[in-house]
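Working notes, beginning with the structure itself.
Just so it is clear, none of the values below were taken in a lab; they were calculated from the coordinates. Model, not experiment: these values are computed from the prediction. FYI the Cβ positions are ideal-geometry reconstructions off the backbone, even for glycines, and counts take in every protein chain you see.
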Amino acid sequence: MTDITIGVNEDYFFKNVDSDVEASVRKAIQSLVDQGANVETVDIPALQYAEYAELITILTEAATIHHENLVRRPDDFGDDIRLLFELGELPSGVDYLQAQQLRRQLKQDFQKAYEKVDVLITPTLPIVAPDIGESYADLNGEQVDLVNNIIRFTGPGNLTGFPSLSMPCGFKGEMPIGMQMMGEAFDEETVLKVGYAIEQTNPLKGKKPVLAR
C-alpha cells in the first residue's frame with residue numbers, strides 16, 4: 001500500500017457522525033497506514049450543496065419516470081414512495097438546472113481532490129442502520145431523520161458517478177458499520193485494491209450480523 005494516498009474530508013464526511021461509526025472507520029484507515037499508505041486531508045467545497053443537488057435531482061427524475069402511473073394509479077404506490085414522487089413534481093426547471101450546475105461543480109471539486117489522492121475514505125452512513133420500517137435513527141443520542149442521513153454520504157458518489165465501494169469495518173452492538181471508498185472516474189481497480197487491503201485485516205474478526213427472525 002506504499003503507493004496509495006488516502007484522502008480524508010473532515011468538514012463533510014466526518015461531521016455529525018455516530019461516534020462508534022467514526023471510530024471504526026478511522027481505525028480502518030489506520031490499518032491502511034500501518035500497511036504503508038499515506039493520508040492527506042482534502043477540501044471539497046461544493047459538498048456543502050450536495051444534499052440539495054441530490055434531492056432535487058433524484059426526486060424530479062423519479063417523478064418524471066413515474067408521472068403517468070402517479071396520475072392514473074396513485075393508490076398502487078405505498079404512502080412513503082407516493083409522497084416522494086409528489087414532492088418531485090414541485091421543483092421548477094430553474095431548480096433542476098441549478099442542481100445540475102452544482103453537480104458539475106461537485107465533480108470538478110472531486111476531480112481536483114483526486115489530483116492529490118488515490119481514493120477517498122468515508123463512513124458509508126453517519127448512523128447505525130435502524131430497524132426496518134423506522135423513520136428516524138439515533139445519532140449520538142439524538143433522533144434524526146432517516147432518509148436524509150441515509151443519502152448524506154452516499155449521495156455524492158451517486159451524483160457524480162465516481163466509483164464507490166462500501167464494506168463492513170466493525171460493529172456497534174449486533175449491527176455492522178460500513179466504510180465507503182470513492183475513487184477517480186474509471187479507476188475501480190484502485191478502489192477494489194484498497195477494499196481488498198482492508199478485508200485482509202479481518203475487521204469483523206469472524207463475527208457475523210444476527211439475522212432477524
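For the reader, a short list of remarks on this structure follows.
- Per-residue HN-Hα couplings for the stretch 33-46 [Karplus 6.51, -1.76, 1.60; θ = phi - 60°; Hz; x = Gly/Pro]: 4, 4, 8, x, 6, 9, 10, 9, 7, 10, 9, 10, x, 5
- Using the Karplus relation 6.51 cos²θ - 1.76 cosθ + 1.60 with θ = phi - 60°, the per-residue 3J(HN,Hα) values for the stretch 16-26 come to 6, 10, 3, 4, 6, 4, 4, 4, 5, 5, 5 Hz, with x marking Gly and Pro.
- In this rough spin-label picture, where each label sits 7 Å from Cα along the Cβ direction, the E174-L146 distance is 1.7 nm.
- Label-point separation, K205 to E61 (7 Å along Cα→Cβ), nm: 4.1 nm
- Amide H contacts for V119 (H built 1.01 Å from N in the peptide plane; partners 5 or more residues away or on another chain; cut-off under 5 Å): T5, G7.
- Helix axis angle, 188-199 relative to the chain longest principal axis, alpha carbon, degrees: 60 degrees
- Nearest-ten-degree value, helix 93-113 long axis tilted from longest Cα axis of the chain: 10 degrees
- In the chain, a dipole from Cβ-located charges (positive for Lys and Arg, negative for Asp and Glu) runs towards its positive end, and of Y12, N158, P209 it is P209 whose Cα lies farthest in that direction.
- At most 16 other Cβ within 10 Å, DSSP loop - GluC sites (Glu not before Pro), the stretch 56-155: E89, E115, E134
- Among L192, L32, L120, the ranking by other beta carbons within 10 Å of each residue's beta carbon, starting with the fewest, stands as L192, L32, L120.
- For the chain, the Cα gyration tensor yields ellipsoid semi-axes of 31, 23, 14 Å (square root of five times each eigenvalue, largest first, whole Å).
- Distance between the 7 Å Cα→Cβ label points at S135 and Q105: 3.3 nm.
- For the stretch 45-113, a/c is not less than 1.5, where a ≥ b ≥ c are the root eigenvalues of the C-alpha gyration tensor, and a/b tops b/c. That puts it in the prolate class.
- The ranking of R73, R104 from fewest to most other beta carbons within 10 Å of each one's beta carbon is R73, R104.
- Extended-chain gain in nm, criterion 0.36 nm per residue less alpha-carbon gap, D95 and A23: 22.2 nm
- Compared with the dominant principal axis of the Cα atoms in the chain, helix 50-65 is inclined by about 50°.
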